[in-house]
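K.L.:
Take this structure, written in structure tokens, and hold onto it; I'll ask about it next.
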Amino acid sequence: MIDFLPVLLGSDANVYGMARSFYAQYGVVSAAICKGALVATANSRFVKIAVVEPNLEQDEVFPQTLITFAKAHPEKPLVLLSCADGYTILMARHRAALEPYYHFACPSLQNVLELDIKDNFYRACAAHGLAYPKTATCTAQNYKQIALPFDFPCIIKASNSAEYWNCSFPHKKKVFLAQNQAEFDAITAAIYGSSYQDDLVLQEYIPGDDNCMRVLNAYCGRDHKVHLMALGRPLLEEQTPEGIGNYAAILSIRDDALMDKMKEFLEAVGWEGFANFDMKYDARTGEYKLFEMNPRQGRSSYYVTASGYNLATWLVADVLEGRDTGYTVADAESLWMIAPYGVIKKYLKDPALLAQAARLKKEGKCAHQLFCREDFTLKRFLWYLRSQLNYYRKTARYYGNKGLTD
């Protein structure tokens, strides 16, 4: 078995899921480089926080930090992987400086900037015949005068996710839902009263519960061909202000027509590395409407590994072994959760989906993002129990709240 060191950028649940994937397949412990150590990766046998650099996202700091780490670890190949949008942008920008030290797959800077910024992504969707919600944008200069080209309710979210992540204001949420003009005015004023001054995406609300969503993860090789596609059907989304849009539970499913269309798109734009799409089925039109594309594997992407398609193997085969893995469509049935099953059981309203989830759980085809017996430590287990119990409180408190309140 090849000996190498995975170097993961970040320290959140995405990092933990990827470290778990690397450990399961190769028995290697990953090193995390991040701007701040988060609890999701604390006290783990799968990943160790190697460098904490608060200024890691600065252009002059990022490449030097990674190069310094690489020079201190010359004994084995280093496989570099971004677990956040901002880090992917930095990897793309500093690709030439990093290539002598790391093995990685990364989209071009032009591709990242064109597809990670939401209004640019929708233009690309239009050019390639992909459906997306009716959409408008506003700026810090015109948000008070903007006229929506659709009726309320209106979804409000940042076009520049990386910039929005770093801003702060009262009642901040990842995504807002304005029911009327008064709520729209209050939400946009609050956002632009913060340090965030980039565009906002304004979208029609697609009706339907969380289980109308779909999440797609793909790996594109350095040959710009799609090598893996895995589709999931979320059962429930997280409800906290910072977690809206993240998934609490996912069923692995297959939809060849949808996946073929997304494969064509990724290869047409020449994508490289992991990509993650969020979309929702619109029963009014019978189409899947795309919301966004993330230039990385999704935060919930461990559902792919849990269903039997270890994400790490496609990356390693491509960038380290130089092996062509062909094209694989994940089709094994499984259930992934980050929230407790009790929360899913209480808030999932579709009886057929609930019965399917219960069956998979009974059959042992079920995995939890943050719990693994091979990674048992007392400190981690106690944190895990507290966080799971806290899900009940958080979900009850925030369920259905996407307005400018707590």
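K.L.:
Yes or no: residue 399 among the aromatic types (Phe, Trp, Tyr) and out of contact with any helix residue (DSSP H, G or I) (no Cβ under 9 Å at 6 or more places or on another chain)?
P.N.:
No, not satisfied.
K.L.:
Considering 85, 59, which residue is on the phi < 0 side of the Ramachandran plot, surrounded by 15 or more Cβ atoms within 10 Å (Cβ to Cβ) and of a type in the set (Asp, Glu)?
P.N.:
Working: 59 fails: surrounded by 15 or more Cβ atoms within 10 Å (Cβ to Cβ).
Sole residue among the options that is on the phi < 0 side of the Ramachandran plot, surrounded by 15 or more Cβ atoms within 10 Å (Cβ to Cβ) and of a type in the set (Asp, Glu): 85.
K.L.:
Taking the options 172, 157, name whichever one is in contact (Cβ under 8 Å) with a residue 12 or more places away in the chain, crowded, with 17+ Cβ neighbours inside 10 Å, on the phi < 0 side of the Ramachandran plot and not hydroxyl-bearing (Ser, Thr, Tyr).
P.N.:
Values: 172 fails: crowded, with 17+ Cβ neighbours inside 10 Å.
Sole residue among the options that is in contact (Cβ under 8 Å) with a residue 12 or more places away in the chain, crowded, with 17+ Cβ neighbours inside 10 Å, on the phi < 0 side of the Ramachandran plot and not hydroxyl-bearing (Ser, Thr, Tyr): 157.
K.L.:
Are there any strands (runs of 3 or more DSSP E) wholly within the range 41-160 with 3 or more residues that are at pLDDT 95 or above and within 23 Å of residue 312 (Cβ to Cβ), and if so which?
P.N.:
Values: elements: 47-52, 78-82, 135-138, 154-158.
Fully inside the range 41-160 and qualifying: 47-52, 78-82.
K.L.:
Which numbered condition in (1) under 24 Å from residue 246 (Cβ atoms); (2) out of contact with any helix residue (DSSP H, G or I) (no Cβ under 6 Å at 6 or more places or on another chain) is the only one that residue 12 fails?
P.N.:
(2)
K.L.:
Now, a different point. Can you name the condition, by its number, that residue 1 falls short on among (1) in contact with a Lys or Arg (Cβ under 9 Å, 6 or more places away or on another chain); (2) modelled with pLDDT under 95?
P.N.:
(1)
K.L.:
In the range 373-396, which residues are more than 24 Å from the chain's Cα centre (by Cα) and in contact (Cβ under 8 Å) with a residue 60 or more places away in the chain?
P.N.:
374, 377, 379
K.L.:
So residue 117 ticks every box in (1) more than 30 Å from residue 6 (Cα to Cα); (2) in contact with a Ser or Thr (Cβ under 7 Å, 6 or more places away or on another chain); (3) not aromatic (Phe, Trp, Tyr) but one. Which box is left unticked?
P.N.:
Against the list (1) more than 30 Å from residue 6 (Cα to Cα); (2) in contact with a Ser or Thr (Cβ under 7 Å, 6 or more places away or on another chain); (3) not aromatic (Phe, Trp, Tyr), residue 117 comes up short only on (1).
K.L.:
Anything in the range 30-63 that is closer than 17 Å to residue 376 by Cα, hydrophobic (A, V, I, L, M, F, W, C) and either out of contact with any strand residue (DSSP E or B) (no Cβ under 9 Å at 6 or more places or on another chain) or free of Cβ contacts under 8 Å to residues at least 24 places away in the same chain (or both)? List them, or say none.
P.N.:
If we filter the range 30-63 for residues that are closer than 17 Å to residue 376 by Cα, which is where we start, we get 30, 39-48.
The next check asks that each one be hydrophobic (A, V, I, L, M, F, W, C); those that pass are 39-40, 42, 46-47.
The answer is 39, 40.
K.L.:
Being within 26 Å of residue 293 (Cβ to Cβ) and either buried (at least 21 other Cβ atoms within 10 Å of the Cβ) or in contact (Cβ under 8 Å) with a residue 60 or more places away in the chain (or both) narrows it down to one of 190, 178, so name that one.
P.N.:
From the options 190, 178, the qualifying one is 178.
K.L.:
Now a separate question. Given the conditions (1) surrounded by 15 or more Cβ atoms within 10 Å (Cβ to Cβ); (2) in contact (Cβ under 8 Å) with a residue 24 or more places away in the chain; (3) not polar (S, T, N, Q), and given that residue 128 satisfies all but one, which numbered condition is not satisfied?
P.N.:
(1)
K.L.:
Something else now. Can you name every one of the helices (runs of 4 or more DSSP H) wholly within the range 327-399 that holds 1 or more residues which are of a type in the set (Phe, Trp, Tyr), in the same structural domain as residue 258 (by TED's automatic domain parsing) and within 26 Å of residue 175 (Cα to Cα)?
P.N.:
Helices (runs of 4 or more DSSP H) meeting the threshold: 341-347, 378-398.
Yes/no matrix, rows are residues, columns are (1) of a type in the set (Lys, Arg); (2) in contact (Cβ under 8 Å) with a residue 24 or more places away in the chain; (3) touching a helix residue (DSSP H, G or I) at 6+ places or on another chain (Cβ under 8 Å):
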residue: 65; (1), (2), (3): no, yes, no
residue: 69; (1), (2), (3): no, yes, no
residue: 72; (1), (2), (3): no, no, no
residue: 84; (1), (2), (3): no, yes, yes
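K.L.:
Hey, another quick one. Can you tell me which of 125, 83 is within 23 Å of residue 174 (Cβ to Cβ), over 18 Å from the mean Cα position of the chain (by Cα) and of a type outside the set (A, V, I, L, M)?
P.N.:
Values: 83 fails: over 18 Å from the mean Cα position of the chain (by Cα).
Going through 125, 83 in turn, the sole match is 125.
K.L.:
Hey, another quick one. Can you tell me which residues in the range 215-249 are in contact (Cβ under 8 Å) with a residue 60 or more places away in the chain and in contact with a Gly (Cβ under 7 Å, 6 or more places away or on another chain)?
P.N.:
Of everything in the range 215-249, those that are in contact (Cβ under 8 Å) with a residue 60 or more places away in the chain and in contact with a Gly (Cβ under 7 Å, 6 or more places away or on another chain) turn out to be 215, 217, 220, 227.
K.L.:
In the range 300-314, what residues are surrounded by fewer than 24 Cβ atoms within 10 Å (Cβ to Cβ) and closer than 25 Å to residue 208 by Cβ?
P.N.:
The one that is surrounded by fewer than 24 Cβ atoms within 10 Å (Cβ to Cβ) and closer than 25 Å to residue 208 by Cβ: 307.
K.L.:
Looking only at the range 255-272, decide whether some residue is within 21 Å of residue 23 (Cβ to Cβ) and under 21 Å from the mean Cα position of the chain (by Cα).
P.N.:
So far as the range 255-272 goes, no, none of its residues is within 21 Å of residue 23 (Cβ to Cβ) and under 21 Å from the mean Cα position of the chain (by Cα).
K.L.:
Now for a separate question. I need a count of the residues in the range 288-315 that are in contact with a helix residue (DSSP H, G or I) (Cβ under 7 Å, 6 or more places away or on another chain) and outside any loop (DSSP other than H, G, I, E, B).
P.N.:
Of the residues in that region, 11 qualify.
K.L.:
Quick test for you: out of 210, 198, pick the one residue that is of a type in the set (D, E, K, R) and within 21 Å of residue 115 (Cα to Cα). Let's see the steps before the verdict.
P.N.:
On the way: 210 fails: within 21 Å of residue 115 (Cα to Cα).
None of the other options fit; the residue is 198.
The values are calculated or read from the model by the stated rules, or taken from the named source; none is laboratory data. Note that this is a predicted model, so its numbers are computed, not measured. Heads up, the Cβs are rebuilt from the backbone with ideal geometry, glycines too, and the neighbour counts pull from every protein chain shown.
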